[in-house]
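Student: This structure is in structure tokens; I'll ask about it shortly.
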Amino acid sequence: MHCEILWKILSLIVITSKEVRTFEVKIKVSIKIQIIPKNNPWSYIVKWGVSLVEIEIKKNNKEKYMQLDRVIERYKQQEGMLIRILQKAQEIFGHLPIEVQSYVSDRLDIPISTVNGVVSFYSLFSEEPQGKYTINVCMGTACYVKGSQEILKTIEEELHIREGETTLDKLFTIKVTRCIGACGLAPVITINEKVYGRLSPSDIPGILHTYIKTNKKAAIGEEVKA
């Protein structure tokens, strides 16, 4: 039974390490019994039987967790704070992997199931890495009738990915969404916060090129500064 519990602990570490790809895991074996989470996001102690297993996980993104701490401190007393904190966390990390959800759960002292339930329910949250620009293709009735399927197909062909996927350069993610409340502009897509309406498939290449061009200019600018 002891071996089974220890194996579950180590399996969780391996899965987490694969997901983040930035963890260093240190294990020291010694003495005692019980599980104690340390009061920081990088260390946990497991005391059990005649062996002490200390697991220290060091992240390359400590600064991001420090930013998240400041967000939590700012909003934790406000009504509806969980959604606000998760929105800010996603802005910081780019998505909401399970370790970030667990961290929010621990800091707010609420069940991880509650946090994950909110993340899973709202389409604005993503547990997987997203592109810099998220393209939402509206599939509400008005947009569907006016050809949103063809718009989606054209976007997929232009970017060589399918709905729900992200381009290899992490520039674009394609999503399908329900009615966004702009039926008079059907068919509609949004790219991050910008709305594009009354579209035809022929409009898509030019729109995408604008973002690709902007991103290249920004990259060149960063190189010049460096």
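Student: Expressed as cubic angstrom per residue, what is the convex hull volume of the alpha carbon set of segment 133-225?
Tutor: Hull volume normalised by residue count: 84 Å³.
Student: Past the 29 Å Cα-Cα mark, which pairs from K88/K153; K146/K175; K132/K153; K88/K170?
Tutor: Pairs exceeding the cut-off: K88/K153.
Student: Still on this structure: Would you list the P(r) distribution for segment 62-121, with all Cα-Cα distances sorted into 10 Å bins from 0 and each bin expressed as a whole %?
Tutor: Answer for segment 62-121: a P(r) of 24, 64, 12 percent.
Student: Another question about this same structure. Modelling each spin label as a point 7 Å along the Cα-to-Cβ direction, I'd like the D106/E193 distance in nm, to one decimal.
Tutor: The two pseudo-label positions are separated by 3.2 nm.
Student: Let me ask something else about it. Could you state the principal axis extents of the C-alpha atoms in segment 54-198, from the largest down, to the nearest angstrom?
Tutor: Rounded to whole Å, the extents work out to 56, 35, 23 Å.
FYI, it's all coordinate maths here, none of it is from the lab. All values derive from a computational prediction rather than experimental measurement. Backbone-built Cβ (ideal geometry, glycine too); neighbour counts: all protein chains shown.
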